[in-house]
Amino acid sequence: MKSSPTHKPRPLVDLVVSIVLPSFVLMKLSGEDALGASGGLIVALAFPLGWGLFELIRYRKFNFIALLGLVSVLLTGGIGLFELDTKWLAIKEAAIPAVIGIAVLVSTFTPYPLVKALLFNPDIMDVEKIQQRLAEHNSGAAFEVRLLKATYFIAGSFAFSATMNYILAKWLVTSPAGTSAFNEELGQLTLYSYPMIALPSMVMMMAVFYYLWRTIHSLTGLELEDVLAAKK
């Protein structure tokens, strides 16, 4: 049986396909002299939708967050094409990170907390070595307590994202759906959401990773190069 190709992060490609190209189409090619409001919206949404489906199909790996991203794109398209009230766009923008944050919290009551899938996993950290050293230092229980605290920090970062998404959508998108003005504002929302929301959220996630590493270091004595998973 042929194995699936290994997924390699391509942040620059993700940025161009999911943000730059859709924003350009929405802001510059949605006029009646170009693609039109509906045509521009469909073409703009085709970039992140097509890229997301390609990633999911090619690497054949279920990704909860990627799936929510695809759902988000489809909902945005539905709001624009069916000309729904723009309040639903703000609600949708807030709902996606809110759902992830709630899922992070709920997962703490299951054997598979999402914080382990997001940060404390074999792709990022040498989990086996860390757990072995925790056992040697009788620090397993203390680590679980701090891991739970890291989970709350991550949920908080998604709460921040949900709040900022809602505020930004209400502030920028005011024109009726199905118009060129709506598309242009949607393009601005897509463009501004990266520096105003995605980057701060990324910084907060890095802060949580640092907290997790400091926790591991204090409980096991392992250095950063010992904690990180070895590249194959």
Query raised in the report: Number of Lys-Lys pairs in the chain under 25 Å by Cα, sequence gap 8 or more or different chains?
Result: 23
**Report entry** the chain, accessible surface, carbon-and-sulfur percent (1.4 angstrom probe)
**Finding:** 67 percent
Query raised in the report: Taking θ as phi - 60°, what are the ³J(HN,Hα) couplings along region 117-126 by the Karplus curve (6.51, -1.76, 1.60), each to the nearest whole Hz, with x for Gly and Pro?
Result: 6, 7, 10, 8, 9, x, 6, 10, 10, 7
Requested in this report: Using 0.36 nm per residue of separation minus the Cα-Cα distance, give me the extension gain between residue 203 and residue 42 in nm, one decimal.
Outcome: 54.8 nm
Report task. Mean Kyte-Doolittle of at least 1.6 plus a Cα span of 18 Å or more along the axis: flag which DSSP H helices in the chain meet both, please. Result -> 64-81, 87-106
Query raised in the report: Rounded to the nearest 0.05, what FRET efficiency do residue 85 and residue 32 have when you use their Cβ-Cβ distance and R0 = 30 Å?
Result: 0.85
Query raised in the report: Among 135, 98, 37, which one moves the most in a GNM of the chain with springs linking Cα atoms closer than 10 Å?
Result: 135
Query raised in the report: Amide H to amide H under 5 Å from residue 228: which residues, 5+ apart in sequence or cross-chain, H placed 1.01 Å off N in plane?
Result: 126
Requested in this report: Quote the relative contact order of the chain in percent (integer), defining contacts as alpha-carbon pairs under 8 Å separated by 6+ residues.
Outcome: 27 percent
Query - Identified option (computed Kirkwood radius over Cα pairs in Å; candidates (1) 17.5; (2) 18.1; (3) 19.5) - result: (3)
Report summary line: With 0.36 nm assigned to each residue of separation and the Cα-Cα distance removed, residue 167 to residue 194 gains 8.3 nm
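The values are calculated or read from the model by the stated rules, or taken from the named source; none is laboratory data. Since this is a predicted model, take the numbers as computed values, not measurements. Reconstructed Cβ throughout: ideal geometry from the backbone, glycine too, with neighbour counts over all protein chains shown. Areas reflect the complete protein model, heavy atoms only, side chains present, ligands, DNA and RNA absent. Shrake-Rupley method; radii C 1.70, N 1.55, O 1.52, S 1.80 Å.
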